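These notes are about the structure you will find just below.
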Number of protein chains: 4
Amino acid sequence: MDQAIGRKRWAIAEGYIPGWSHGPAPELESHETCCILNAGDAPAQVRITVYFEDREPAGPYRVEVPPRRTLHLRFNELRDPEPIPKETPYASVIESDVPIVVQHTRLDSRQAENALMSTIAYPCE
Amino acid sequence: MDQAIGRKRWAIAEGYIPGWSHGPAPELESHETCCILNAGDAPAQVRITVYFEDREPAGPYRVEVPPRRTLHLRFNELRDPEPIPKETPYASVIESDVPIVVQHTRLDSRQAENALMSTIAYPCE
Amino acid sequence: MDQAIGRKRWAIAEGYIPGWSHGPAPELESHETCCILNAGDAPAQVRITVYFEDREPAGPYRVEVPPRRTLHLRFNELRDPEPIPKETPYASVIESDVPIVVQHTRLDSRQAENALMSTIAYPCE
Amino acid sequence: MDQAIGRKRWAIAEGYIPGWSHGPAPELESHETCCILNAGDAPAQVRITVYFEDREPAGPYRVEVPPRRTLHLRFNELRDPEPIPKETPYASVIESDVPIVVQHTRLDSRQAENALMSTIAYPCE
């Protein structure tokens, strides 16, 4: 049974990579993650566009998520076509050629103890 | 391709600006943010109405989000027509003339280490 | 213009009132909140049913949210027909005679620094 | 009145069991929870499939949620057919024969103070 579930376009209005960290890396390095689930039987070709407050969007960033796999992509590690600057508000749109599910998580360890947040992304029609 | 995505009306039932902070401002000042993404090609005229427990609503607060931009608006910084009081439960409705995506985030640094929460807002029909 | 928005039935699958607290009460007392927004012009008669892992549901708990008001209801403070026990997993269904919007938040101050979480509730069809 | 509410299939794209903990167990042991509400009058037969980044999915894990009950299931405690490894990104799909509501929560106590996150899961069509 093909388990392809979700939507082909998602949006995350919040985005911010904290500027510094406490604790051992990489586990407790401040980071922001785009968690993608491809539960179907075909690979997902994913394009991410990143929006800012004061300049044109960056991207698309391209990743492939194999069938029946998840990918927890750290925005911090995106390099091509350009890194996402720290301490800068951004937002993102995630598009795929097959249905996927997207969740957004941040770990902020700027102070001695870490803080977490997570939310389902917005599933576009 | 016009990427206008989202809805024209959103609601956030939670709202509370903590009364004090630890750590360097503005990054670690306690705050509450309304993150707005306008992925389309037309500017978004946004109106925010703020609801309280024991008085008539405040607003509308008006902001413009340019095309292909995000705005991470701190409720703490709203001034016109009136500031939102600290340590007071509130809720908000965000309306736009074009589709947008809205997410709600709070950073609470009242104690020595900060705490975070975030959720997608409610996309109204 | 009547701004009645949302749904008449919502569900929150998570619920847990921490057993102890650090920091000044009531701001930093561990608590769990059901944030309700009634943006419409009629009062909302709200009924909350609380589900447990090992007994029949409690309630209904009844509250009224006036027109154009929010209510940030602490589950800890519910008394009638019975208090909700601490340190006990629960879930809740929130029903209203007019459309409302519901969000769920927990502040956990069991350790020296507080932790926060929040999510939109599930809007039932 | 039968209160069966929710959906028969849900997805959680985020999943990660922290590798260590501070504070008294089990309350403050790092854990990840799948909160399930079965508000209906029939028992829910639930199947959970867990997806990874680099291997085929695990499961199904099977649990029953009785009528009018909630279950706050810790992913850490799943054993059959295999435990979920710590410090490993995963995602999950939750399927039921009757409608349920699903929410995802993590308590991370790797540092001295705990951090929390929670979100409604994605309700599949």
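The values are calculated or read from the model by the stated rules, or taken from the named source; none is laboratory data. No experiment lies behind these values; they were computed from the predicted model shown. Backbone-built Cβ (ideal geometry, glycine too); neighbour counts: all protein chains shown.
Each row is one residue, and each column tells you yes or no for (1) within 14 Å of chain C (Cβ to nearest Cβ); (2) more than 21 Å from C:E32 (Cα to Cα); (3) touching a Lys or Arg at 6+ places or on another chain (Cβ under 9 Å); (4) not small (G, A, S).
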{"residue": "B:R9", "(1), (2), (3), (4)": "yes, yes, no, yes"}
{"residue": "B:E32", "(1), (2), (3), (4)": "yes, no, yes, yes"}
{"residue": "B:A42", "(1), (2), (3), (4)": "no, yes, no, no"}
{"residue": "B:Y51", "(1), (2), (3), (4)": "yes, no, yes, yes"}
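Suppose we filter region A:64-85 for residues that are in a loop (DSSP other than H, G, I, E, B) and either farther than 17 Å from D:E53 by Cβ or away from chain D (no Cβ under 13 Å) (or both); how many remain? So that I can check it myself, show each step before the final result.
The first filter runs over region A:64-85 and keeps only residues in a loop (DSSP other than H, G, I, E, B), leaving A:66-68, A:78-85.
Next, from what is left, pick out any that are either farther than 17 Å from D:E53 by Cβ or away from chain D (no Cβ under 13 Å) (or both): A:78-85.
Adding up the residues that qualify gives 8.
Anything in region A:1-34 that is in contact (Cβ under 8 Å) with a residue 60 or more places away in the chain and among the small types (G, A, S)? List them, or say none. So that I can check it myself, show each step before the final result.
Step one: of region A:1-34, the residues in contact (Cβ under 8 Å) with a residue 60 or more places away in the chain are A:3-23, A:28-34.
Passing the criteria: A:A4, A:G6, A:A11, A:A13, A:G15, A:G19, A:S21, A:G23, A:S30.
So, in region A:45-58, exactly how many residues are in a strand (DSSP E or B) and surrounded by fewer than 16 Cβ atoms within 10 Å (Cβ to Cβ)?
Of all residues in region A:45-58, those in a strand (DSSP E or B) come to A:45-52, A:58.
Pick out the ones that are also surrounded by fewer than 16 Cβ atoms within 10 Å (Cβ to Cβ) and you get A:45, A:47.
Summing the residues that are in a strand (DSSP E or B) and surrounded by fewer than 16 Cβ atoms within 10 Å (Cβ to Cβ) in region A:45-58 gives 2.
Based on this model, can you work out whether A:L37 counts as in contact (Cβ under 8 Å) with a residue 40 or more places away in the chain and in a strand (DSSP E or B)?
Numbers: in contact (Cβ under 8 Å) with a residue 40 or more places away in the chain: yes; in a strand (DSSP E or B): yes.
Criteria met by A:L37.
When you look at A:Y61, is it modelled with pLDDT of 95 or more, surrounded by 24 or more Cβ atoms within 10 Å (Cβ to Cβ) and assigned to a strand (DSSP E or B), yes or no? Write out each step before concluding.
Numbers: modelled with pLDDT of 95 or more: yes; surrounded by 24 or more Cβ atoms within 10 Å (Cβ to Cβ): no; assigned to a strand (DSSP E or B): yes.
No: the conditions fail for A:Y61.
Tell me yes or no: at least one residue of region C:14-27 is buried (at least 23 other Cβ atoms within 10 Å of the Cβ), under 29 Å from D:D108 (Cα atoms) and among the aliphatic types (A, V, I, L, M).
No, the conditions are met nowhere in region C:14-27.
Looking at B:R69, B:R74, can you tell me which residue is closer than 25 Å to A:P18 by Cβ, touching a Phe, Trp or Tyr at 6+ places or on another chain (Cβ under 7 Å) and not aliphatic (A, V, I, L, M)? Outline the logic, then answer.
On the way: B:R74 fails: touching a Phe, Trp or Tyr at 6+ places or on another chain (Cβ under 7 Å).
On inspection, the qualifying residue turns out to be B:R69.
When both residues are 6+ apart or on different chains and their Cβ atoms are under 7 Å apart, which pairs have a first residue that lies in region B:86-102 and is at the interface with another protein chain (Cβ under 7 Å from one of its Cβ atoms) and surrounded by 24 or more Cβ atoms within 10 Å (Cβ to Cβ), and a second that is part of a strand (DSSP E or B) and charged (D, E, K, R)?
B:V93/B:R9
Residue check: is D:A13 closer than 19 Å to C:A121 by Cα, within 14 Å of chain A (Cβ to nearest Cβ) and under 14 Å from the mean Cα position of the chain (by Cα)? Before you say what the answer is, go through the steps one by one.
On the way: closer than 19 Å to C:A121 by Cα: yes; within 14 Å of chain A (Cβ to nearest Cβ): yes; under 14 Å from the mean Cα position of the chain (by Cα): yes.
Yes, satisfied.
Kindly indicate which of C:A11, C:A42 is assigned to a loop (DSSP other than H, G, I, E, B), at pLDDT 90 or above and not polar (S, T, N, Q). Please lay out each step first, then the result.
Working: C:A11 fails: assigned to a loop (DSSP other than H, G, I, E, B).
That would be C:A42, the only listed residue that is assigned to a loop (DSSP other than H, G, I, E, B), at pLDDT 90 or above and not polar (S, T, N, Q).
Which ones in region D:21-45 are under 15 Å from D:E77 (Cα atoms) and over 18 Å from the mean Cα position of the chain (by Cα)?
D:A25
Taking region B:77-110 on its own, how many of its residues are under 20 Å from C:M117 (Cα atoms), in contact with a Ser or Thr (Cβ under 8 Å, 6 or more places away or on another chain) and not aromatic (F, W, Y)? Before the answer, list the steps.
Start the filter on region B:77-110 by keeping residues that are under 20 Å from C:M117 (Cα atoms), which leaves B:86-92, B:102-110.
Now narrow it down to the ones that are in contact with a Ser or Thr (Cβ under 8 Å, 6 or more places away or on another chain): B:89-92, B:103-110.
Of the ones still in play, those that are also not aromatic (F, W, Y) are B:89, B:91-92, B:103-110.
Of the residues in region B:77-110, 11 are under 20 Å from C:M117 (Cα atoms), in contact with a Ser or Thr (Cβ under 8 Å, 6 or more places away or on another chain) and not aromatic (F, W, Y).
From (1) assigned to a strand (DSSP E or B); (2) modelled with pLDDT of 90 or more; (3) crowded, with 20+ Cβ neighbours inside 10 Å, pick out the condition that doesn't hold for D:E32.
(2)
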